[in-house]
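The values are calculated or read from the model by the stated rules, or taken from the named source; none is laboratory data. In this text the structure is predicted, and so the values were computed from the model without any measurement. All Cβ positions, glycine included, derive from the backbone under ideal geometry; neighbour counts span all protein chains shown. Just the protein is used for accessible areas: all its heavy atoms, side chains included, with ligands, DNA and RNA removed. Shrake-Rupley method; radii C 1.70, N 1.55, O 1.52, S 1.80 Å.
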Amino acid sequence: MSIQQEPARTDDVTLRRQVLPSELGPCTVRVQRGTGGHGPASGTADVYLHGAAGSWTSFRALLSGAPANDQVLIDLPGWGESTKGARLEQFGIEAMARAITGVLNALGYRRWNLVGHSMGGFLALHIAAAWPERTASVATISATTFGVSAAARGPLRSLGKFPAFVGMLLAMRSMAALGPAGSALVRAIGTTRLMGPLMSPFFAEPAAISTAVIRGLSNDARPASFSAAARAAAHYDFGQWRGIRCPALALRGDRDVFTPASDLARLAEVVPHVQKVTLPHCGHFANFERPELVQRLLDGLRVP
């Protein structure tokens with residue numbers, strides 16, 4: 001069963017909001033219709049998958065007023081407006097991928113260009129491998145893959161190499177243990193001046209990041225969901241990505257504390273045809289820091 005609402009406008013972009021069922025709980029989706037006139041049955045959708053500390057709003061800067069393809073922005077079960085009723089005890093990479101493709105099937109899409117940030121990049125790569133005949137292209141923005149997976153398996157052993165991730169993981173686990181009060185505490189911290197310094201490692205130029213972005217990230221924090229995502233990534237079989245056949249693009253910032261250059265090198269060993277790009281003067285959130293450059297790279301990859 002789908003719950004639809006009237007289209008809403010966001011920065012001159014019209015999005016239609018729907019709530020669709022999935023095996024991991026209700027999933028809130030926003031769709032911007034493309035100008036190609038194909039529709040879900042015959043067209044290819046551009047699908048955006050956010051990270052473990054994000055929501056659909058992570059991609060707001062990448063939206064334009066007249067895209068060629070339909071734009072599909074999903075709040076993954078456990079995040080954003082898909083938090084209530086999420087079955088986190090069943091969370092896994094495979095289960096989340098099925099939830100995403102189930103939503104796309106319900107919307108009527110047969111093919112898709114995948115764009116994933118951070119954990120969303122991890123999920124996008126899995127979907128591209130598991131559904132190769134339906135994935136037209138896959139692009140990742142600072143995908144948290146090999147290094148973060150190892151850090152999730154052994155946080156203390158990885159403290160020296162991934163201090164930002166280990167620190168966030170331990171903090172999220174502590175907040176998750178508090179239940180709803182933990183999420184409320186993170187949101188409360190987000191309204192203070194403390195949040196800026198806490199988030200500064202994730203940006204190349206923290207002073208250039210607006211207060212609205214910082215508060216948005218704190219509002220999107222879901223400690224229990226973040227912890228569940230880390231557990232799911234810890235023991236993933238990356239050999240599955242050898243099944244990726246579509247054009248692939250992997251982006252990272254040159255000051256990215258979650259996605260080192262070695263992750264892109266290892267990805268190229270598994271997916272030899274992947275295009276690797278390191279963005280200058282950029283941290284973990286290129287979608288916030290360099291949206292115009294990211295958009296140009298995505299436009300060069302996507303299939304109509």
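Here is the figure for the stretch 192-219: residues that are farther than 18 Å from Thr57 by Cα, touching a helix residue (DSSP H, G or I) at 6+ places or on another chain (Cβ under 8 Å) and not in a helix (DSSP H, G or I) total 2. Note on the stretch 24-55: residues that are at pLDDT 95 or above and open to solvent by 20 Å² or more (accessible area, probe 1.4 Å) amount to 2.
If you go through the stretch 220-279 and pick out every residue that is part of a loop (DSSP other than H, G, I, E, B) and of a type outside the set (Val, Ile, Thr), you end up with 15.
For Ala150, the conditions (1) modelled with pLDDT of 95 or more; (2) surrounded by 19 or more Cβ atoms within 10 Å (Cβ to Cβ); (3) over 18 Å from Phe202 (Cβ atoms); (4) not acidic (Asp, Glu) are fulfilled apart from (2). Look at the stretch 62-101 and say how many of its residues are open to solvent by 30 Å² or more (accessible area, probe 1.4 Å) and assigned to a helix (DSSP H, G or I). The number of residues fulfilling the criteria is 6.
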